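Participant: Handing you a structure now.
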Amino acid sequence: MNDMRMTERGVDSKNIKMKARKVQVFYGTNHAIKDVDVDIEDKTVTAFIGPSGCGKSTFLRCLNRMNDTIDICRVEGEITLDGEDIYDRKVDPVQLRAKVGMVFQKPNPFPKSIYDNVAYGPRIHGLARGKAELDEIVEKSLRRAAIWNEVKDRLDAPGTGLSGGQQQRLCIARAIATGPEVLLMDEPCSALDPIATAQVEELIDELRERFSVVIVTHSMQQAARVSQKTAFFHLGNLVEYGETSKIFTNPDDPRTESYITGRIG
Amino acid sequence: MTDATANAPARSLFTEDARTKKRNRAEARFRAYGLAAVIVGLLALVMLLVSILSNGMSAFRQTFLTIPVELTEARLDPQGNRDPAEMAAVTTFGYLPVLAQSYIDHVESLGIEHDLSPQAMAAMISGEAPAQLRSLVLEDPSLVGQTVTLRVLVSGRIDGFFKGRVTMASAERDANVTPEQLQLAQALAEVGVIETRFNWSFVTAPDASGQRPEAAGLGVAILGSFYMMLVVLVLSLPIGVAASIYLEEFAPKNRLTDLIEVNISNLAAVPSIVFGILGLAIFINFAGLPQSAPIVGGLVLTLMTLPTIIIATRASLRAVPPSIREAALGVGASKMQAVFHHVLPLAAPGILTGTIIGLAQALGETAPLLLIGMVAFVRDYPAAPPEGLFDPASALPVQVYQWTQRSDPAFVERASGAIIVLLVFLIVMNAIAVLLRRRFERRW
Ligand SMILES: Nc1ncnc2c1ncn2[C@@H]1O[C@H](COP(=O)(O)OP(=O)(O)O)[C@@H](O)[C@H]1O
Ligand SMILES: [Mg+2]
């Protein structure tokens with residue numbers, strides 16, 4: 001894996017938020033992630049691209065230990081958040097997931113009111129003292145998710161009644177309501193129409209001011225538009241990782257180049 | 001156009017080829033079979049309902065005799081001091097002559113001719129009537145010395161005469177009733193002294209002995225069944241739901257849980273009488289609980305209902321999309337929070353439907369109750385729960401069974417009436433289940 005030298009390149013003065021070293025993931029005997037090293041920068045959008053089935057989602061789900069919920073899944077190696085090993089025995093995944101939020105491929109609002117969707121996280125983590133404070137968190141999260149103006153008059157309406165794009169932004173609001181430091185997004189736009197996609201992409205760009213965002217996408221245009229760093233996965237390997245502009249214009253690895261130009265699908 | 005038909009005359013769309021004909025015939029045959037099957041099923045159902053309704057509706061009506069009764073002090077309160085304790089010494093045998101005499105006098109005053117002996121006259125009144133009069137007097141001793149208008153049951157044979165079960169011809173051969181009695185009853189009915197009217201006590205009164213079918217009611221059986229359902233609900237719902245949640249959401253998937261799973265499914269198919277034997281061995285012989293008590297019946301039925309509830313609950317938990325679980329875990333909910341805050345509420349309608357269907361099954365179950373002594377003849381209402389759960393009681397389906405065993409043909413009507421009551425309960429429960437399912441179906 002001499003490509004790994006590339007990962008050191010282009011890292012500027014920004015802090016490293018999450019660091020992965022020699023990560024291996026197995027589903028039973030299927031070796032889905034092989035020896036992946038990545039540094040996720042703070043206040044940066046990092047895109048994971050690669051052909052379908054190459055392990056992007058799997059690796060993303062390692063970052064907030066969502067893979068724990070899959071019985072046959074086994075993770076090896078080291079992943080740290082602010083220097084703390086998230087797979088340490090002492091770490092409760094529940095606490096981790098409040099810090100590393102997640103937005104899923106298919107919008108999955110709770111079948112509850114819009115307000116309750118956003119308020120749920122703060123409630124279970126005890127982030128608000130009293131109703132007024134909770135209202136404030138809900139409003140702030142919905143504003144940041146750029147959906148406040150559309151829903152402010154019907155916070156009691158069910159979240160499942162919104163359109164697909166609105167639902168996805170609601171899910172983003174829900175994820176940022178717990179005040180996470182890292183936001184993981186697994187193909188957040190794949191179920192959305194182009195207009196909703198544009199709205200979400202714009203939103204991702206704004207979110208970068210406060211969070212470190214990791215986004216999985218199968219659309220290279222999207223990766224080019226929203227991300228500063230890009231990681232290209234292929235068959236469970238991290239082939240190339242670096243500045244987005246570099247990956248898309250002048251990749252080092254021939255596999256990256258064929259994927260970018262559409263020869264690996 | 002002419003060209004096309006000329007080129008391929010055999011392929012015209014207007015004539016069916018042999019294969020299509022054959023296929024269409026097969027389809028028509030299959031439809032006919034299906035329709036026939038449905039019709040046979042419906043006919044069976046209609047026949048069942050018609051036979052039960054035609055036999056049983058009359059159980060809700062009963063023939064009463066309304067007469068003024070002179071409550072003579074000399075017989076009912078010999079001491080004359082209206083002390084309820086002393087008056088209680090007069091048994092129903094003391095009240096019978098009072099009632100009979102009033103009846104004879106009333107018939108005479110109406111000027112109806114007959115040549116029945118006083119005994120034959122008294123036999124037209126139900127054996128239950130003196131007891132009814134006695135409890136009335138003991139409740140209000142000041143009535144003694146007055147004349148009260150009383151509505152009392154007539155004997156089962158007279159009642160049967162007005163319902164068409166007993167005829168003049170059958171009375172000739174019947175030791176319990178004579179045509180003369182029927183003639184008098186007919187005459188009294190014409191002047192309105194005897195009339196057939198709706199009878200609530202069929203639903204509220206306790207069972208009566210084999211000689212008094214006219215007084216037998218379902219009160220104790222309904223109460224006993226209700227208590228058992230209470231026990232079943234209180235035990236099987238939490239246990240079943242907890243077990244299902246554990247198995248579905250928390251248990252590791254391994255050989256042991258597979259084995260448990262298979263066994264739960266098998267348990268649902270175990271004949272109910274086996275649960276009765278189990279209940280007899282465990283709850284009565286080993287734990288020493290009383291026989292005929294709703295608590296034991298409830299426990300046995302709980303064992304029976306649990307698999308149903310577990311299977312239904314697991315199915316509805318599985319029907320909740322995994323994305324809901326992921327969403328909850330993703331914002332940092334613990335597994336338990338995810339289940340209790342999000343999965344369980346969505347599964348609740350399915351769980352409730354399963355529970356109601358399980359309860360309905362348990363309500364109609366007879367065999368295991370026979371084994372734990374719920375067949376006893378019980379005339380006293382069980383006390384209010386929780387003590388009442390340990391009092392002897394009957395149960396609706398067992399009451400049906402018992403009544404069909406009795407010799408007096410009047411019990412045929414009562415058994416059918418009891419089946420109607422049971423069916424009404426079952427229909428109501430199933431309707432609730434359907435309503436719940438409609439109301440809360442798929443909100444995600
Ligand atoms: N829950 C799972 N159980 C077993 N294998 C899985 C599971 N999820 C993913 N995999 C396997 O892991 C590999 C990577 O999958 P994934 O991370 O979903 O790819 P991507 O998101 O890049 O399309 C695939 O070979 C897939 O079959
Ligand atoms: Mg994926």
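Participant: Whether any residue in region B:282-290 is within 30 Å of A:C73 (Cα to Cα) and in contact with a Leu (Cβ under 7 Å, 6 or more places away or on another chain) is what I want to check.
Facilitator: no
Participant: Another question about this same structure. Quick check: anything in region A:71-88 away from ligand 1 (no atom under 13 Å from the Cβ), within 18 Å of the chain's Cα centre (by Cα), buried (at least 20 other Cβ atoms within 10 Å of the Cβ) and within 23 Å of B:I324 (Cα to Cα)?
Facilitator: Looking for residues that are away from ligand 1 (no atom under 13 Å from the Cβ), within 18 Å of the chain's Cα centre (by Cα), buried (at least 20 other Cβ atoms within 10 Å of the Cβ) and within 23 Å of B:I324 (Cα to Cα), one finds none in region A:71-88, hence no.
Participant: Restricting to region B:313-352, count the residues that are assigned to a helix (DSSP H, G or I), under 20 Å from A:P109 (Cβ atoms) and among the β-branched types (V, I, T).
Facilitator: Looking only at that region, the number is 3.
Participant: So the check is Cβ under 6 Å with 6+ separation or different chains; which pairs have a first residue in region A:85-109 that's over 22 Å from A:R21 (Cβ atoms) and β-branched (V, I, T) and a second one that's within 16 Å of ligand 2 (Cβ to nearest atom) and outside any helix (DSSP H, G or I)?
Facilitator: If the second residue must be within 16 Å of ligand 2 (Cβ to nearest atom) and outside any helix (DSSP H, G or I), the pairs left are A:V103/A:M185; A:V103/A:P188.
Participant: Another question, if that's okay. Within region A:191-219, track down each residue that is assigned to a loop (DSSP other than H, G, I, E, B) and more than 14 Å from chain B (Cβ to nearest Cβ).
Facilitator: Hits for region A:191-219 are A:L192, A:D193, A:R208, A:E209, A:R210, A:F211, A:T217, A:H218, A:S219.
Participant: How many residues are among the aromatic types (F, W, Y) and exposed (fewer than 15 other Cβ atoms within 10 Å of the Cβ) when one looks only at region B:226-283?
Facilitator: 2
Participant: Another question about this same structure. A:K90 fails exactly one of the following numbered conditions: (1) more than 9 Å from chain B (Cβ to nearest Cβ); (2) over 22 Å from A:E243 (Cα atoms); (3) in contact with a strand residue (DSSP E or B) (Cβ under 7 Å, 6 or more places away or on another chain). What is the number of that condition?
Facilitator: Only one criterion in (1) more than 9 Å from chain B (Cβ to nearest Cβ); (2) over 22 Å from A:E243 (Cα atoms); (3) in contact with a strand residue (DSSP E or B) (Cβ under 7 Å, 6 or more places away or on another chain) is unmet by A:K90, namely (3).
Participant: Consider region A:117-126. How many of its residues are assigned to a helix (DSSP H, G or I), more than 9 Å from chain B (Cβ to nearest Cβ) and without any contact (Cβ under 8 Å) to a residue 24 or more places away in the chain?
Facilitator: Residues in region A:117-126 being assigned to a helix (DSSP H, G or I), more than 9 Å from chain B (Cβ to nearest Cβ) and without any contact (Cβ under 8 Å) to a residue 24 or more places away in the chain: 1 in total.
Participant: Still on this structure, I have one more. For region B:314-337, enumerate the residues that are touching a residue at least 12 places away in the same chain (Cβ under 8 Å) and either aromatic (F, W, Y) or facing another protein chain (nearest Cβ under 9 Å) (or both).
Facilitator: B:P321, B:I324, B:R325, B:A327, B:A328, B:K335
Participant: Follow-up question, since we're still on this one. Identify, please: which residue in region A:52-72 is touching a Phe, Trp or Tyr at 6+ places or on another chain (Cβ under 6 Å) and not β-branched (V, I, T) and is, among those, nearest to ligand 2 (Cβ to nearest atom)?
Facilitator: Looking at the filtered set, the residue picked out is A:K56.
Participant: While we're looking at this one, here's another question. Would a scan of region A:97-107 turn up a residue that is assigned to a helix (DSSP H, G or I) and out of contact with any Asp or Glu (no Cβ under 6 Å at 6 or more places or on another chain)?
Facilitator: Yes - at least one qualifying residue is present in region A:97-107.
Participant: While we're here: Of the conditions (1) more than 16 Å from ligand 2 (Cβ to nearest atom); (2) within 14 Å of chain B (Cβ to nearest Cβ); (3) in contact with a helix residue (DSSP H, G or I) (Cβ under 6 Å, 6 or more places away or on another chain), A:R97 satisfies every one except a single condition; which number is it?
Facilitator: It fails just one condition, (3).
Participant: For a quick check of your reading of the model, give me the residue pairs whose first member lies in region B:143-157 and is assigned by TED's automatic domain parsing to the domain that holds B:P68 and within 17 Å of B:L96 (Cβ to Cβ), whose second is exposed (fewer than 15 other Cβ atoms within 10 Å of the Cβ) and not β-branched (V, I, T), with beta-carbon atoms closer than 6 Å and at least 6 apart or on different chains.
Facilitator: Once the first residue is assigned by TED's automatic domain parsing to the domain that holds B:P68 and within 17 Å of B:L96 (Cβ to Cβ) and sits in region B:143-157, its partners that are exposed (fewer than 15 other Cβ atoms within 10 Å of the Cβ) and not β-branched (V, I, T) give B:V144/B:E73.
Participant: Let me ask something additional. Please specify each residue of region A:155-175 satisfying the condition of being touching a Ser or Thr at 6+ places or on another chain (Cβ under 9 Å), more than 28 Å from A:Q95 (Cα to Cα) and surrounded by 13 or more Cβ atoms within 10 Å (Cβ to Cβ).
Facilitator: Answer for region A:155-175, where residues must be touching a Ser or Thr at 6+ places or on another chain (Cβ under 9 Å), more than 28 Å from A:Q95 (Cα to Cα) and surrounded by 13 or more Cβ atoms within 10 Å (Cβ to Cβ): A:A157, A:G165.
Participant: With the condition being under 31 Å from the mean Cα position of the chain (by Cα) and modelled with pLDDT under 95, I'd like the helices (runs of 4 or more DSSP H) fully within region B:11-104 carrying at least 3 qualifying residues.
Facilitator: Helices (runs of 4 or more DSSP H) meeting the threshold: B:18-56.
Participant: Hey, another quick one. For region A:51-61, how many residues are within 14 Å of chain B (Cβ to nearest Cβ) and more than 6 Å from ligand 1 (Cβ to nearest atom)?
Facilitator: 2
The rows are residues; the columns are (1) of a type in the set (G, A, S); (2) under 24 Å from A:I49 (Cβ atoms); (3) within 13 Å of another protein chain (Cβ to nearest Cβ); (4) in contact with a strand residue (DSSP E or B) (Cβ under 8 Å, 6 or more places away or on another chain).
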| position | (1), (2), (3), (4) |
| --- | --- |
| A:K140 | no, no, no, no |
| A:A146 | yes, no, no, no |
| A:N149 | no, no, no, no |
| A:G161 | yes, no, yes, no |
| A:G164 | yes, yes, no, no |
| A:C171 | no, yes, yes, yes |
| A:T178 | no, no, yes, yes |
| A:M185 | no, yes, yes, yes |
| A:C189 | no, yes, no, no |
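Participant: Just name the residue that is surrounded by the fewest Cβ atoms within 10 Å (Cβ to Cβ) out of those in region B:188-214 that are touching a strand residue (DSSP E or B) at 6+ places or on another chain (Cβ under 6 Å) and in a helix (DSSP H, G or I).
Facilitator: By that ranking, first place goes to B:L188.
Participant: Can you tell me how many residues within region A:194-226 are within 16 Å of ligand 1 (Cβ to nearest atom), of a type outside the set (A, V, I, L, M, F, W, C) and buried (at least 19 other Cβ atoms within 10 Å of the Cβ)?
Facilitator: Total satisfying the criteria: 2.
The values are calculated or read from the model by the stated rules, or taken from the named source; none is laboratory data. No experiment lies behind these values; they were computed from the predicted model shown. When we count neighbours, we look across all protein chains shown, and the Cβ atoms used for this are built from the backbone with ideal geometry, even at glycine.
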